[in-house]
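Below you'll find the structure, written out as structure tokens, and then a few comments.
The values are calculated or read from the model by the stated rules, or taken from the named source; none is laboratory data. From a predicted model like this one, the values you see are computed outputs, not experimental measurements. Please note: Cβ atoms are built from the backbone with ideal geometry, for glycine as well, and neighbour counts cover all protein chains shown.
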Amino acid sequence: MTKDTDKTSNKESALEGIIDRLEETRAVIKTKDGQKVIWPIKDLPNDTGEGEAVKLVLSTDKTKTSEQEDIAKTILNEMLKTND
């Protein structure tokens with residue numbers, strides 16, 4: 001099975017930036033290409049502050065997605081059953 005079709009493989013991507021400023025409950029992170037990302041301060045690592053370099057990581061969870069699809073199929077099949 002190739003990685004693209006493997007339901008248990010996860011894909012991960014990262015975006016690097018600098019914490020530009022902290023605003024009440026949000027951090028404004030500027031990326032190298034000038035984009036701004038708003039991130040909850042509560043979700044930052046401890047002792048992270050303005051000027052700190054950070055890496056934002058996004059990943060997919062194919063196992064969780066597959067489990068959710070299986071649950072949905074099971075529920076749908078139960079709903080479509082007829083009582084003969």
In the range 42-60, residue surrounded by the most Cβ atoms within 10 Å (Cβ to Cβ) [restricted to those that are in contact (Cβ under 8 Å) with a residue 40 or more places away in the chain and of a type in the set (S, T, N, Q)]
Thr60
Where residues in the range 61-80 are of a type in the set (Val, Ile, Thr) and surrounded by 11 or more Cβ atoms within 10 Å (Cβ to Cβ), which of them is nearest to Glu23 (Cα to Cα)?
Thr65
Residue list for the range 41-63, restricted to those being of a type outside the set (Gly, Ala, Ser), within 30 Å of Val28 (Cβ to Cβ) and outside any loop (DSSP other than H, G, I, E, B)
Ile41, Lys42, Asp43, Val54, Lys55, Leu56, Val57, Leu58
Which residue, of Asn83, Asn77, is at pLDDT below 85 and either assigned to a helix (DSSP H, G or I) or within 18 Å of Glu12 (Cβ to Cβ) (or both)?
Asn77
List the residue pairs whose Cβ atoms are under 9 Å apart, where the first residue sits in the range 9-21 and is at pLDDT below 85, the second is loosely packed, with under 14 Cβ neighbours inside 10 Å and of a type in the set (Asp, Glu), and the two are 6 or more positions apart or on different chains.
Asn10/Asp61
